[in-house]
Amino acid sequence: MPHADSRHESATASPAEPVTRLIGVIFVVVLGFCVICGYVLFDMRHSTGQRAAEVAASLAAAIENDVVRNVETLDLSLQGAIDNLKHPEIDRIAPDLRQLVLFDRAATAQHLGTILVTDEIGNVRFDSRTMNPPSLNLADRDYFLAHKNDPTLGMYIGRPEIGRTTAQWFIGLSRRLSSSDGSFSGVVLASLRLSYFQQLFKNSALGPNGNITLSNIDGTVLMRWPYKQDLIGLDRSKGTLYKYLARSRVGRYEAVSKTDGHRRLVVYRQIADLPLVLSVGQSTEYIYANWSQAAIAIGALAAALCAIALWLTVYLIRELKRRKKAETKYVTLALSDSLTGLGNRRHFNDVLDREWRRCMRDVAPIALMMLDTDLFKSYNDTYGHPAGDALLQTIGSAIAGTIKRGSDFGARYGGDEFAILLSGASTAEAERIAERLRLRFSEFCEQNSVVESGLSIGISGFRPRFDEHSSELLRAADHALYRAKNLGRNRTEVLSVNSIDLAPALLHSNLYHAA
């Protein structure tokens with residue numbers, strides 16, 4: 001049944017809008033919860049990594065202090081030996097006294113191999129371990145060549161080597177010997193066993209797959225813990241560490257090791273002003289193990305809450321639709337006639353009032369058609385009340401099938417009386433619709449085997465003015481219906497509101513209804 005009742009439409013409208021709002025609210029709540037969980041997890045991971053980095057930095061600083069202290073001690077021994085070698089009587093004093101003069105007590109330290117003095121061609125002149133130095137030539141060693149070729153070179157830390165007499169790994173700390181004229185006259189060398197670094201690194205608690213690496217500034221690996229001999233002496237200058245070292249002397253980064261494939265958080269630093277680089281690596285799997293467990297627990301909780309929210313959303317949507325469907329049903333029952341399916345009188349009054357005001361604003365015509373079944377009481381007496389109900393249903397179907405515009409509205413006004421409101425239509429258009437209605441009514445009666453009765457139709461119509469009321473249109477249509485009845489029934493009469501005196505018309509109409 002086409003009509004323009006906004007109240008009915010709003011009541012029977014699809015629940016898409018409230019459902020959309022509901023979904024939006026739940027989505028925002030769930031999204032907000034997930035964002036909070038994500039932020040908490042991110043902050044926990046950041047804090048965990050920060051604590052691990054601080055622990056590694058503290059360890060690196062402690063190792064740096066120990067290395068610097070020992071290297072400085074050895075360097076002082078080298079400088080003391082160089083100063084004493086300049087004494088003109090050094091070669092003529094007794095060997096045991098010369099040992100005491102040249103080499104201090106640092107030469108007997110636990111991890112110090114020996115202190116050697118060579119001449120300008122690399123032959124060993126003095127040895128801190130013995131008054132009779134071995135017959136060795138060190139001219140091929142990197143430290144000897146470095147000092148020979150660069151007179152400005154200070155203390156030099158050489159590559160890791162295996163001692164020719166001790167068969168132990170060591171690194172050499174050396175300084176240049178120069179003659180009075182500045183020419184090269186040999187080197188003074190202190191050999192520091194790599195076992196010193198093993199002892200220094202081995203008690204560090206870094207967890208599974210953690211490591212400590214000491215390298216030369218040129219990328220040569222001097223020591224790695226856990227100790228792997230095949231890594232000693234390798235060139236790692238192309239590694240990730242040296243890319244970061246080129247930017248800063250101290251820092252940290254995460255990377256996957258090309259050696260064993262483990263991802264580590266690496267904290268590194270150059271040791272003081274020495275050509276040494278220390279890196280402390282911790283496995284990220286170990287660092288974030290507790291965080292991963294917490295992340296799984298929080299993630300599972302978030303997933304469970306999302307699932308509950310999804311279930312609740314589906315449930316609420318279903319309930320909302322069910323409620324809307326029930327509301328639509330109740331509103332439809334409240335605004336429609338159960339026998340004919342047309343609007344009821346209450347609904348008709350609302351539509352009439354609204355369309356009257358709309359046509360008044362738009363200065364548009366409006367027409368009203370009142371229909372009445374001729375001799376309906378006699379029809380019921382003759383064919384029975386079920387036949388009378390079937391007749392009313394047929395009239396309702398004919399009305400619904402005749403009016404097509406969205407603004408047209410049909411209603412059962414009361415008993416066997418019907419009303420059709422034609423907003424924006426003239427009386428001439430209303431007459432044409434009345435004729436189509438009669439034809440449709442006859443067709444439906446024949447199709448449904450309903451005994452046809454006569455239809456008396458009264459039409460009124462005009463353009464509403466601000467000094468008029470919709471009740472005047474209704475009274476005029478009712479009077480036109482009375483006149484159709486009075487002139488022989490089963491006919492259509494048209495009456496303009498402005499063409500009659502409504503007071504007598506209303507009186508005649510009341511007399512007709514009283515009859």
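Only the coordinates and a few stated rules stand behind these numbers; no lab work does. Bear in mind that the values here come from a model prediction, so they are computed numbers and not experimental data. Using ideal geometry, Cβ is built from the backbone for each residue, glycine included, and neighbour counts are taken over all protein chains shown.
Using Stokes-Einstein with the Kirkwood hydrodynamic radius over Cα pairs, what translational diffusion coefficient do you get for region 44-134 at 20 °C and a viscosity of 1.002 mPa s, in µm²/s rounded to a whole number? Please report the intermediate quantities before stating the final value.
Details: Rh = 15.9 Å.
Result for D is 135 µm²/s.
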- Query: Toward the positive end of the charge dipole of region 338-514, about the Cα centre and with charges on Cβ (Lys, Arg +1; Asp, Glu -1), which of His469, Ser442, Gly488 goes farthest?
  - Reply: His469
- Task: Run through every distinct alpha carbon pair of region 163-320 and return the Kirkwood hydrodynamic radius in angstroms, one decimal place.
- Result: 19.7 Å
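With the Cα gyration tensor of region 338-514 in hand, give its eigenvalues times 5 under a square root as the equivalent ellipsoid semi-axes, listed largest first in whole angstrom.
Numbers: eigenvalues 139, 65, 37 Å².
For region 338-514, the semi-axes come out at 26, 18, 14 Å.
State the volume of the convex hull built on the alpha-carbon positions of region 86-193, expressed per residue in Å³ and rounded to an integer. Intermediate values should be presented prior to the final figure.
Details: hull volume 10.8 nm³, N = 108.
Per residue, the Cα convex hull of region 86-193 comes to 100 Å³.
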- Item | Between region 124-150 and region 345-405, the alpha-carbon center distance in angstrom | 125 Å
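If you scale each eigenvalue of the Cα gyration tensor by 5 and take the root, what three semi-axes come out for region 115-177, rounded to whole angstrom and sorted largest first? Present the calculation step by step, with values, prior to reporting the outcome.
Values: eigenvalues 69, 42, 20 Å².
Values for region 115-177, descending: 19, 14, 10 Å.
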- Query: Remind me, relative contact order of the chain in percent, using alpha carbon pairs under 8 angstrom and six or more residues apart?
  - Reply: 13 percent
- Relative contact order of region 86-193 (C-alpha contacts under 8 Å, at least 6 apart) in percent is 25 percent
- Which of the lysines could be linked to Lys238 by a straight reach, that is with a Cα gap under 29 Å, when you skip same-chain ones fewer than 8 residues away? Lys148, Lys202, Lys228, Lys258
- At a Förster radius of 25 Å, what calculated FRET efficiency corresponds to the Cβ-Cβ distance of Glu319 and Phe33, to the nearest 0.05? 0.65
- Could you work out the helix-only [θ] at 222 nm for the chain, with each DSSP H run of four or more residues adding -39,500 (n - 2.57) and the total divided by the number of residues, to the nearest 500 deg cm²/dmol? -16500 deg cm²/dmol
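Quick one: dipole size for region 86-193, taken about the Cα centre, charges +1 on Lys/Arg Cβ and -1 on Asp/Glu Cβ, in debye to the nearest 20.
On the way: 13 positive and 12 negative charges, 53 e Å.
Roughly 260 debye, rounded to the nearest 20.
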- With label points set 7 Å from each Cα along the Cα-to-Cβ direction at Ala246 and Thr382, the distance between them in nm comes to 11.1 nm
- Grab the Cα-Cα distance for Arg463 and Asp230, subtract it from 0.36 nm times how many residues apart they are, and report the gain in nm with one decimal. 73.2 nm
- Query: Hey, got the Cα dimensions of region 325-373 along the principal axes, in Å, largest first?
  - Reply: 39, 31, 12
- For region 251-297, list log₁₀ I(q)/I(0) at each q in 0.18 Å⁻¹, using the Debye formula over Cα point scatterers of equal strength and ignoring solvent, two decimals each. -0.64
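If R₀ is 25 angstrom, what is the calculated FRET efficiency for the pair Asn132 and Asn84, using the beta carbon separation as r and rounding to 0.05?
Working: r = 19 Å, r/R0 = 0.77.
My answer for the efficiency is 0.80.
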- Message: Checking the cross-link filter: which aspartates and glutamates have an alpha carbon closer than 20 Å to that of Lys324, excluding same-chain neighbours under 8 positions apart?
- Response: Asp5, Glu9, Glu17
- Item | Inter-label distance for Gln393 and His46, nm, one decimal - labels placed 7 Å from Cα along Cα-to-Cβ | 7.3 nm
- Message: Need one word for region 301-389: rounded, prolate or oblate. Basis is the Cα gyration tensor (sqrt eigenvalues a ≥ b ≥ c); a/c below 1.5 gives rounded, then a/b vs b/c decides.
- Response: oblate
- Once the Cα atoms of helix 345-362 and of the chain are each reduced to a long axis, what angle between those two axes, in degrees from 0 to 90 to the nearest 10, is obtained? 80 degrees
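Based on the Cβ-Cβ distance of Ser257 and Lys329, what FRET efficiency does E = 1/(1 + (r/R0)^6) give at R0 = 60 Å, to the nearest 0.05? Kindly include the intermediate steps, with their values, before the conclusion.
Numbers: r = 71 Å, r/R0 = 1.18.
Efficiency for this residue pair is about 0.25.
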- In Å, the Kirkwood hydrodynamic radius from C-alpha pairs for the chain sits at 33.3 Å
- Item | Label-point separation in nm, Leu100 to Arg159, each point 7 Å along Cα→Cβ | 4.1 nm
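What is the extension gain from Asp142 to Ala428, computed as 0.36 nm multiplied by their sequence separation minus the C-alpha to C-alpha distance, in nm to one decimal?
Values: separation 286, 0.36 × 286 = 102.96 nm, distance 11.88 nm.
Full-extension gain reported as 91.1 nm.
When only Cα pairs under 8 Å and 6 or more residues apart are kept, what is the percent relative contact order across region 338-514? Intermediate results must be reported in sequence, preceding the final value.
On the way: 310 pairs, mean separation 48.8, N = 177.
After rounding, I find 28 percent.
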- Message: Which lysines, if any, have their Cα less than 26 Å from the Cα of Lys485, not counting same-chain residues under 8 positions apart?
- Response: Lys377
